[in-house]
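Working notes, beginning with the structure itself.
The values are calculated or read from the model by the stated rules, or taken from the named source; none is laboratory data. Keep in mind the model is a prediction, meaning the values are calculated, not measured. Counting neighbours? That spans all protein chains shown, and the Cβs are built from the backbone with ideal geometry, glycine included.
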Amino acid sequence: MFDFGIVTRWFDQLLCGIMPGWLATTIEGVIIAVALILVYAVLALFYILYERKLCAWFQCRLGPMRVGRWGWMQVFADMFKILIKELIKLRNTDKFLFELAPYLVILASMLSFAVLPWGRGLQIIDFNIGVFFMIAVSGLGVIGILLAGWASDSKYTLVGALRGGAQMISCELSVAMSIMTMVVLAGTMSISGIVYAQEDAWFIFKGHVPAIIAFIIYLIAATAETNRGPFDLPEAEHELTAGYHTEYSGIHFGFFYLAEYLNLFIVSGIAALMFLGGWMPLHIPGCDGFNMVMDWIPSVIWFLGKAFFISFIIIWFKWSFPRVRIDQLLAMEWKYLMPIGLFNIALMTVVVVYGWHF
Amino acid sequence: MEVSIFGIQSTTLMVVALLTGIGLVAAALIIAWLIAPRSYTVQKMEPYECGVPTRGESMMQFKVGYYLFAILFLMFDVETVFLFPWAAICKSLGPNGLLSVAVFLGVLILGLAYAWRKGALKWA
């Protein structure tokens, strides 16, 4: 499997050879920033098209077809249209908080996006407490949503923000707990460490029963945390028109839209990282020929494939289940997911301490 | 220090990602500010309520239930902060670590059971 670390190290040495260290670091930082923005934007656009197409196919429609082949340029047209729309601020809005909210939402998704491991040697932020960092920064998004609804000075946005806050903080707990279950199995919080621990087998196979329970809890809680259907209460369109971003227009709204789709990718990426081996290929012990073929597929393809697969499942949820009420959602989270999650951590610890895992 | 891509420290890269996020929003806002049209009417500055003028204050009262869930969240969030370091090393702690954390988890579950019993989880 190709190690991208070789390329980056070679490039680093090349730069350090011809210029002082601080300049080389600055240039590399700029390269990383440009790459981040490009990948972020392209991925968000891809996800918008991906969801529109999937939802169309689930409903026996074709989806966007007119702009470009199979409508692939529709998202570019939409984004450009959003960019040239007027930015409206209401009379009574809290101007500062209203402007601050999109920054927080984008920052939360950008920082947790930078933590994801894309391939061998292709990971930007790699703390030894990487998982913890990821959960911490993704929590910033809740503040953005609460501020957006609060500062807009509208009844719909206020209700949407409160619902969003209650729902996201509740489900964040279950997400953190199922991630913690896998940290128990991995014995490390560093993202690269977790990926390398899955070299022989993915965690979902390694940790049998508790890992599968954690995976299911994670999928449900992550769907709720990203405000996607059937848990899209903060923006339930027939009750609250658009929820917390009702009063945002133009690119201001575009930021929430981008961050929402990026969050879908991020939670899928985290699921791929924690349960499906990150960028590690599928290996079956004993089948050397099969393993060699799997090794031949690049690591980036593995990671993206797994993330897109999990996203497909989450989008599938949206078109299969009716929307739940806020009391049903909170009851599900606090009376089922959370106690099961706590119990599951204990179960996983027993499994790990007594070495019953593979 | 944890070294990541290009041999740069992760803390530096975190700052880079932070600035990238701020830069992305600021750049898009500047572009929109340059090319987007601007107009002013009195009606446009009203909050959107499906065509009907707003009645009373927009900052209305809301259910105290949200607040209760926020308090519960606070308790369990702090708990996850305490559990993460244990989770990372529980393999080497062995059965003793499991036992001591079981006491901690037990107290927390008692707390959840108390809140449940008192009806804090009920959306009435």
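General remarks:
- The condition (being over 30 Å from A:CYS55 (Cβ atoms), more than 10 Å from chain B (Cβ to nearest Cβ) and in a helix (DSSP H, G or I)) is satisfied by just one residue among A:PHE132, A:PHE205: A:PHE205.
- Restricting B:LEU98, B:LEU29, B:LEU34, B:LEU93 to residues that are over 23 Å from the mean Cα position of the chain (by Cα), more than 27 Å from A:ILE135 (Cα to Cα) and surrounded by 15 or more Cβ atoms within 10 Å (Cβ to Cβ) narrows the list to B:LEU29.
- Filter result for A:GLU99 (of a type in the set (Asp, Glu), modelled with pLDDT of 80 or more and farther than 18 Å from A:ILE124 by Cβ): yes
- Within the set A:ALA101, A:ALA108, A:ALA77, the sole residue that is assigned to a helix (DSSP H, G or I), touching a residue at least 40 places away in the same chain (Cβ under 8 Å), more than 8 Å from chain B (Cβ to nearest Cβ) and more than 30 Å from A:LEU276 (Cα to Cα) turns out to be A:ALA101.
- Checking the stated criteria, A:HIS252 turns out to be assigned to a helix (DSSP H, G or I) and crowded, with 21+ Cβ neighbours inside 10 Å.
- Residue among A:GLY243, A:GLY278, A:GLY286 that is touching a strand residue (DSSP E or B) at 6+ places or on another chain (Cβ under 7 Å) and of a type in the set (Gly, Ala, Ser): A:GLY278
- Restricting region A:146-156 to residues that are within 12 Å of A:LEU97 (Cβ to Cβ) and in a helix (DSSP H, G or I) leaves a set whose member that is nearest to the other protein chains (Cβ to nearest Cβ) is A:TRP150.
- If the condition is being in contact with a Cys (Cβ under 8 Å, 6 or more places away or on another chain) and more than 7 Å from chain B (Cβ to nearest Cβ), then region A:157-201 contributes no residue at all.
- Pairing each residue of region B:95-115 that is more than 9 Å from chain A (Cβ to nearest Cβ) with any residue that is assigned to a helix (DSSP H, G or I), provided the two are 6+ apart or on different chains, yields C-beta distances under 7 Å for B:GLY111/B:MET75.
- The condition of being assigned to a loop (DSSP other than H, G, I, E, B), under 30 Å from A:TYR218 (Cα atoms), out of contact with any Asp or Glu (no Cβ under 7 Å at 6 or more places or on another chain) and at pLDDT 85 or above does not hold for A:CYS55.
- Per the listing A:GLU51, A:GLU28, the residue uniquely within 11 Å of chain B (Cβ to nearest Cβ), in contact with a helix residue (DSSP H, G or I) (Cβ under 7 Å, 6 or more places away or on another chain) and over 23 Å from B:LEU29 (Cβ atoms) is A:GLU28.
- Unique residue being within 27 Å of A:TYR40 (Cα to Cα) and either over 17 Å from the mean Cα position of the chain (by Cα) or surrounded by fewer than 21 Cβ atoms within 10 Å (Cβ to Cβ) (or both) when the list is A:GLY141, A:GLY130, A:GLY187, A:GLY160: A:GLY160
- Residues satisfying the stated conditions in region A:48-93, i.e. of a type in the set (A, V, I, L, M, F, W, C), surrounded by fewer than 17 Cβ atoms within 10 Å (Cβ to Cβ) and more than 19 Å from A:PHE256 (Cα to Cα): A:CYS55, A:ALA56, A:TRP57, A:PHE58, A:CYS60, A:LEU62, A:MET65, A:VAL67, A:TRP70, A:TRP72, A:MET73
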